[in-house]
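Just so it is clear, none of the values below were taken in a lab; they were calculated from the coordinates. Since this is a predicted model, take the numbers as computed values, not measurements. Heads up, the Cβs are rebuilt from the backbone with ideal geometry, glycines too, and the neighbour counts pull from every protein chain shown.
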Amino acid sequence: MISLDIKGAFDHLQYTSIKNSLDNLKYHSNTLETLIDILPNRKVAINTSQGPATWTQQQGCPQGSCTGPAFWNLVADEVLQQDWPQGVHLQGYTCICR
């Protein structure tokens, strides 16, 4: 048995990977379109001593978000669905415990 913990998995989840996984579902719905639409053009804004600073966010899901675990499971499913040698069993889960 091998156990793998991916540290900072939600923080490092690339938006392009999420979009590709959603596109691979080959299922059209308003919900799916909404999920795809919330990814681009996300901005992070903070106030600094020199004034407000903003930048475009390219990765990461907010901690405690409803979409974070779902997005992670979609992306991780690509690995779980690969053809593995006989006798190899993969099992994945998402834990948002703190």
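Below are the figures for this structure:
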{"item": "Any hit, the range 24-41, residues being closer than 17 Å to residue 10 by Cα and basic (Lys, Arg)", "result": "no"}
{"item": "Residue ID - nearest to residue 37 (Cα to Cα), chosen from residues in the range 1-23 that are part of a loop (DSSP other than H, G, I, E, B) and β-branched (Val, Ile, Thr)", "result": "6"}
{"item": "Selection within the range 39-55 - outside any loop (DSSP other than H, G, I, E, B) and either closer than 17 Å to residue 67 by Cα or charged (D, E, K, R) (or both)", "result": "43"}
{"item": "Residue match in the range 57-73 (condition: in contact with a strand residue (DSSP E or B) (Cβ under 9 Å, 6 or more places away or on another chain) and either aromatic (Phe, Trp, Tyr) or surrounded by fewer than 12 Cβ atoms within 10 Å (Cβ to Cβ) (or both))", "result": "yes"}
{"item": "Residue ID - farthest from residue 8 (Cα to Cα), chosen from residues in the range 66-95 that are hydroxyl-bearing (Ser, Thr, Tyr) and in contact (Cβ under 8 Å) with a residue 12 or more places away in the chain", "result": "67"}
{"item": "Residue in the range 35-50 that is touching a strand residue (DSSP E or B) at 6+ places or on another chain (Cβ under 6 Å), surrounded by 10 or more Cβ atoms within 10 Å (Cβ to Cβ) and among the hydrophobic types (A, V, I, L, M, F, W, C) present", "result": "yes"}
